[in-house]
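The values are calculated or read from the model by the stated rules, or taken from the named source; none is laboratory data. Not measured: the values here are computed from a predicted model. Cβ: placed from backbone, ideal geometry, glycine included. Neighbour counts: every protein chain shown.
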Amino acid sequence: MSAEIHPSAIVHRGTVLGEGVKVLEHAVVGKQPSLSPRSTAKKEPLPPTEIGDWTIVSTGAIVFAGSRIGARVILGDQSCVRERVVVGDDVVIGRGSLVENDTTIGPRTKIQAEAYITAYCELEEDVFIAPCVVTTNDNFMGRTDQRHELIKGPTIRRGARVGGGAVLCPGVEIGEEAFVGAGAVVTKDVPARKLVVGSPARVIRDVPDEELL
């Protein structure tokens with residue numbers, strides 16, 4: 001079985017589609033970025049997009065050039081994956097979510113609807129990101145040249161969970177199997193297997209043993 005491409009979809013030249021891939025209505029795969037002259041993103045030529053076996057690029061989704069998407073991934077309706085992103089096998093990226101450039105997402109991770117995964121993030125395997133989570137990567141918010149060397153998104157370790165509407169500040173690390181409560185504002189690292197809530201987020205207890213992977 002070869003790839004299935006809807007007549008309204010756009011697949012750019014050189015894109016590699018695995019066995020059984022589906023590219024649905026109005027999806028775009030292999031799009032080249034259009035960058036501002038002041039953008040901090042790298043501007044070198046990009047290799048073709050690669051889409052793994054049995055992955056679905058849903059209606060209106062966009063995958064930029066230079067990204068590698070694993071097998072059996074679901075890219076939800078109107079989701080967007082920017083350039084130089086690596087997505088592992090069996091990942092779900094929910095409707096309307098945006099994964100910015102130079103980010104890695106480990107196998108079996110689930111990113112729910114309308115989440116924003118900023119550039120230069122690392123999400124390990126089995127991570128859960130609830131709807132409307134926001135990650136950030138620039139403490140200077142576009143002011144001063146110092147920011148170019150210090151831009152860094154959060155690192156979210158294996159099995160960690162981040163609740164709906166939480167905000168993760170630049171460079172924080174969410175430890176293995178940690179739990180960030182809904183609406184929390186995380187300004188510093190979260191230890192492994194701890195539950196944090198509030199603004200700023202604070203540790204209130206351990207994650208119960210029965211919830212650990």
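To keep it simple, each residue is scored yes or no on (1) touching a residue at least 24 places away in the same chain (Cβ under 8 Å); (2) surrounded by fewer than 17 Cβ atoms within 10 Å (Cβ to Cβ).
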site	(1), (2)
8	no, yes
11	no, no
58	yes, no
62	yes, no
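Which of (1) in contact with a helix residue (DSSP H, G or I) (Cβ under 8 Å, 6 or more places away or on another chain); (2) surrounded by fewer than 19 Cβ atoms within 10 Å (Cβ to Cβ); (3) not hydroxyl-bearing (Ser, Thr, Tyr) does residue 138 not meet, given it meets every other one?
Residue 138 satisfies all of (1) in contact with a helix residue (DSSP H, G or I) (Cβ under 8 Å, 6 or more places away or on another chain); (2) surrounded by fewer than 19 Cβ atoms within 10 Å (Cβ to Cβ); (3) not hydroxyl-bearing (Ser, Thr, Tyr) except (2).
Would you check if residue 33 is closer than 19 Å to residue 120 by Cα and in a loop (DSSP other than H, G, I, E, B)? Let's see the steps before the verdict.
On the way: closer than 19 Å to residue 120 by Cα: yes; in a loop (DSSP other than H, G, I, E, B): yes.
Here the answer is yes, as residue 33 does meet what is asked.
Residue-by-condition table, conditions (1) in the same structural domain as residue 74 (by TED's automatic domain parsing); (2) within 19 Å of residue 67 (Cα to Cα):
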| position | (1), (2) |
| --- | --- |
| 92 | yes, yes |
| 101 | yes, yes |
| 140 | no, no |
| 153 | no, yes |
| 165 | no, no |
| 170 | no, no |
| 188 | no, no |
| 193 | no, no |
| 203 | no, no |
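Going by the structure shown, is residue 180 buried (at least 18 other Cβ atoms within 10 Å of the Cβ) and touching a residue at least 24 places away in the same chain (Cβ under 8 Å)?
Working: buried (at least 18 other Cβ atoms within 10 Å of the Cβ): yes; touching a residue at least 24 places away in the same chain (Cβ under 8 Å): no.
No.
Go through 123, 98, 75 for me and flag whichever is surrounded by 19 or more Cβ atoms within 10 Å (Cβ to Cβ) and within 10 Å of the chain's Cα centre (by Cα).
123
Which residue, of 162, 172, is surrounded by 24 or more Cβ atoms within 10 Å (Cβ to Cβ), at negative phi and either at pLDDT 95 or above or touching a helix residue (DSSP H, G or I) at 6+ places or on another chain (Cβ under 9 Å) (or both)?
Details: 172 fails: surrounded by 24 or more Cβ atoms within 10 Å (Cβ to Cβ).
It is 162.
Considering each residue of region 68-96, count those that are in a loop (DSSP other than H, G, I, E, B) and in contact with an Asp or Glu (Cβ under 6 Å, 6 or more places away or on another chain), and give that number. Don't jump to the end; show me each part of the working.
The first filter runs over region 68-96 and keeps only residues in a loop (DSSP other than H, G, I, E, B), leaving 70-73, 76-79, 82-85, 88-91, 94-96.
Going one step further and asking which of them are in contact with an Asp or Glu (Cβ under 6 Å, 6 or more places away or on another chain), we end up with 70-72, 82, 84, 95-96.
Adding up the residues that qualify gives 7.
Does region 186-199 contain at least one residue that is at pLDDT 95 or above, outside any strand (DSSP E or B), surrounded by fewer than 17 Cβ atoms within 10 Å (Cβ to Cβ) and over 22 Å from the mean Cα position of the chain (by Cα)?
Yes, region 186-199 contains at least one residue that is at pLDDT 95 or above, outside any strand (DSSP E or B), surrounded by fewer than 17 Cβ atoms within 10 Å (Cβ to Cβ) and over 22 Å from the mean Cα position of the chain (by Cα).
Would you say residue 67 is free of Cβ contacts under 8 Å to residues at least 40 places away in the same chain, surrounded by fewer than 16 Cβ atoms within 10 Å (Cβ to Cβ) and closer than 22 Å to residue 116 by Cα?
On the way: free of Cβ contacts under 8 Å to residues at least 40 places away in the same chain: yes; surrounded by fewer than 16 Cβ atoms within 10 Å (Cβ to Cβ): no; closer than 22 Å to residue 116 by Cα: yes.
Considered against the rule, which asks whether it is free of Cβ contacts under 8 Å to residues at least 40 places away in the same chain, surrounded by fewer than 16 Cβ atoms within 10 Å (Cβ to Cβ) and closer than 22 Å to residue 116 by Cα, residue 67 comes out as no.
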